[in-house]
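Every number in this text was worked out from the coordinates using simple rules, so none of it is lab data. As the structure is a computational prediction, the values presented were derived from the model and not from experiment. All Cβ positions, even for glycine, are placed from backbone atoms using ideal geometry, and neighbour counts span all protein chains on display.
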Amino acid sequence: MTVSESVPTRPFGAVGTAMVTPFTPDGSAIDYEAAAALTAHLVATGNDQLVVSGTTGESPTTADAEKVELARVVREAAPGATVIAGVGSNDTAHSVEMARAHADLGLDGLLVVSPYYSRPSQAGVEAHVRAVLDATELPVMLYDIPGRTGVPFARDTLLRLGEHEQVLAVKDAKGDLAEATAVMAATGLAYYSGEDALNLPWLSIGAAGVVSVVGQVAGPLERELVDAVDRGDLAAARSAHTRLAPLVEALMSRMPGAVAAKAALHLQGVLPHAAMRGPLLPADPDQLRALAAALETVDGIPTLDTTRRSA
């Protein structure tokens, strides 16, 4: 089998980042100029897929009109990349409305999370997704993250939804590789790792790629990891995985991922500041120092702006 024959089908690219949403310094508005600059930076550092208005994009705190404008800005700033917009919520009618609002922006797809908080049945989850599918002709990536939603996509639900021509992929933050293997074997669904610590295990069982938080600050290493797996170079893939590990720990275990990613991008000089919207708070000085120390240990990623070390 050649390398090309072993590479999985990738309907939404391979190296993806769940983008943060830059705000003005007081958090009152989205800084669309900063969002466009961040988009260009992410593409230049190895990302071929950008997801806007996901969890890391602080979607619970952005208004509908802000989400639509953000998707438009990112689409225009990344003509060669795949752009996906999160439109899911726990209100089916609202999700349908948001899908329609994004329909004419030239996006490559929509991200639809299982309805959170309400804890619907699997029949309710499936009906919710099908309503969103009926709203536009855009392809869909399902987002399975029961740790936040309280409701997973069950295997049978994925099998049924996988028969729909618009459902192309799953972003998985559930971490059940055995179940995903069964779903991939039974459907044409492409899987994307939604948990940075498991990127290598996911890729090793045939995942199409990653949708990463860490990729915002380590795009070159994420690209190195994916490329190594594609060519069957396990040693190189392990090397990239090991070098990424300190960043995964620093960004994903000591504070919310959105907080850590914005702080790291500010430390690298990519974002002018790291303003958040409540209830999330910016990283405190101790967190910033630990994050800067982790960033300094990793080769092959954008370097720090030393003037911002304790900003």
Linear extension gain, GLN122 paired with ASP104, 0.36 nm per residue minus alpha-carbon span: 3.5 nm
Ranked output for segments 261-267, 54-60 by mean other Cβ atoms within 10 Å, highest leading, reads 261-267, 54-60
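Could you list LYS67, LYS171 in order of exposure, starting from the residue whose Cβ has the fewest other Cβ atoms within 10 Å?
Details: LYS67 22, LYS171 29.
Exposure proxy ranking, most exposed first: LYS67, LYS171.
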With only Lys, Arg, Asp and Glu charged, each at its Cβ (+1 for the first two, -1 for the last two), find how big the charge dipole of the chain is about the Cα centre; round to the nearest 20 debye. 440 debye
Using all C-alpha to C-alpha distances in the chain, build P(r) with 20 Å bins and read off the rounded percent in each one. 35, 59, 5
Most mobile listed residue (VAL170, VAL73, VAL51) in the chain, GNM with C-alpha springs under 10 Å: VAL73
Which value at 222 nm does the chain reach when only helices count, each DSSP H run of 4 or more adding -39,500 (n - 2.57), with the total divided by all residues and rounded to the nearest 500 deg cm²/dmol? -13500 deg cm²/dmol
For the chain, what relative contact order do you get, as a whole percent, if you take Cα pairs closer than 8 Å and at least 6 residues apart? 19 percent
